[in-house]
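Visitor: Before I ask anything, let me first share the structure, which is written out below as structure tokens.
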Amino acid sequence: MNNLTKSEIINILKDNTQDEQLFKTADEIRKKNVGNKVHLRGLIEFSNICKRTCKYCGLRAENKTLERYRISEEDIIFYAKQASEMGYKTIVLQSGEDEYFSQETICKIINEIKKLDVALTLSIGEKSYDEYKAYKDAGADRYLIRIETTDKELYKQMHPHMNYENRIKCLNYIKELGYEVGTGCLVGLPGQTIDSLADDILFFKSINADMVGIGPFIAHPETPLKDASNGSFNLALKVMALTRIILPDINIPATTAMETLNPNGRIIALQSGANVVMPNVTSKEYRAKYEIYPNKICINENPTQCRGCIEGKIKAIGRTIAEDFGFHKKVIS
Ligand code: SAM
Ligand code: SF4
Ligand code: FES
């Protein structure tokens, strides 16, 4: 199964008559390879300031309507501590590409958070080799940077002043430095083809990703893609299920964007191949402002409410919360 060819993947993506079987197969492969435990990663969205202008993203520098924020170093550490006390074994630091946070500041934050006996994931965009190295040396364990799309022409259209080759270079640096590598793609970008989604899935395999996050594109009214249609929940779920089939033992999050398009989206994803959820662990004042797309979930809840909510949903489907760090355990098949 994990040797599906590109044309087989395309056929599965195009044919919607066997979807239930696909989701069931991915669920079985998930259970066999990574078990029934769900890893919770506590997400801290610490700055919504970004110098980039990705066409799909509400945080893009050209969106002048968004009220911007930065969480202070002390408060980032406070939220991490609170999350660790709630039982989170991984903290994810995510932000726009905000140059205010220098290498030195990020390293200081990493140092403090690593004292909490948690794994640490960074998702702060494109950096130089030296910066990635400094973060790794400071104790960061994983780095998350989606390729977004492997269609080079589409990549170019979606990312003014950025380039595909540099994105690949970043992924190579991260791998070389010994991080666990997280990547992923958007599903449903305007102009994206099924053919290129098949390439995306094969790309995840070719770089030996440790984690792959797949989310539907959701149109944001303050971006150049405001009139585009949202991506399809079902197609995003299929790309995710195929990723599980092709990379049986990796970590796959049930993404927040899935739940934005379907009120039960994360649970459906957990039953179609996913084994990770990333609840927000910051307080309410920031949540709505990290508006990468509209109608984000959990904007009126606090960390305790989210923890209780997701725990209840996970238990209701007969799964349990993992108590270990949740590193990628390679299963030899
Ligand atoms: N700035 C970092 C980066 O781009 O890697 C991390 C933060 S960025 C907001 C995290 C992810 O949000 C991106 O990788 C992108 O796939 C996703 N995203 C941005 N805009 C989106 C949209 N309109 N719909 C769905 N996902 C979106
Ligand atoms: Fe910035 Fe990331 Fe949004 Fe692009 S996707 S505009 S880099 S926050
Ligand atoms: Fe935040 Fe359910 S996880 S309200």
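The values are calculated or read from the model by the stated rules, or taken from the named source; none is laboratory data. The model shown is predicted, which means the values in this text are computed figures rather than measured ones. Here the Cβ is made from the backbone with ideal geometry for all residues, glycine too, and neighbour counts use every protein chain on show.
Visitor: Give the residues of the range 203-262 that are closer than 27 Å to residue 37 by Cα, in a loop (DSSP other than H, G, I, E, B) and either modelled with pLDDT under 95 or more than 10 Å from ligand 1 (Cβ to nearest atom) (or both), sorted by residue number.
Guide: 207, 208, 209, 210, 247, 248, 249, 250, 252, 254, 262
Visitor: Could you give every pair whose Cβ atoms fall below 8 Å, whose first residue belongs to the range 259-282 and is farther than 20 Å from residue 211 by Cβ and in contact (Cβ under 8 Å) with a residue 24 or more places away in the chain, and whose second residue is assigned to a loop (DSSP other than H, G, I, E, B) and within 11 Å of ligand 3 (Cβ to nearest atom), counting only separations of at least 6 or pairs across chains?
Guide: Hits for this filter: 260/296; 260/297.
Visitor: I need the full set of residues from the range 46-80 which are part of a helix (DSSP H, G or I) and within 18 Å of residue 122 (Cβ to Cβ), in order please.
Guide: Answer for the range 46-80, where residues must be part of a helix (DSSP H, G or I) and within 18 Å of residue 122 (Cβ to Cβ): 73, 75, 76, 77, 79, 80.
Visitor: Only one of (1) of a type in the set (Gly, Ala, Ser); (2) over 21 Å from the mean Cα position of the chain (by Cα); (3) in a loop (DSSP other than H, G, I, E, B) is not met by residue 134, so which one is it?
Guide: (3)
Visitor: Further question on the same structure: Can you name the condition, by its number, that residue 184 falls short on among (1) in contact with a Lys or Arg (Cβ under 6 Å, 6 or more places away or on another chain); (2) surrounded by fewer than 19 Cβ atoms within 10 Å (Cβ to Cβ)?
Guide: Only one criterion is unmet by residue 184, namely (2).
Visitor: What are the pairs, 6+ residues apart or on separate chains, where a residue within the range 290-307 that is at negative phi has its Cβ under 8 Å from a residue that is basic (Lys, Arg) and more than 16 Å from ligand 2 (Cβ to nearest atom)?
Guide: 299/284; 300/284; 301/284; 302/284
Visitor: Additional query: So if I check each of 292, 297, 268, which one is surrounded by 17 or more Cβ atoms within 10 Å (Cβ to Cβ), within 16 Å of ligand 2 (Cβ to nearest atom) and hydrophobic (A, V, I, L, M, F, W, C)?
Guide: Only one candidate qualifies: 292.
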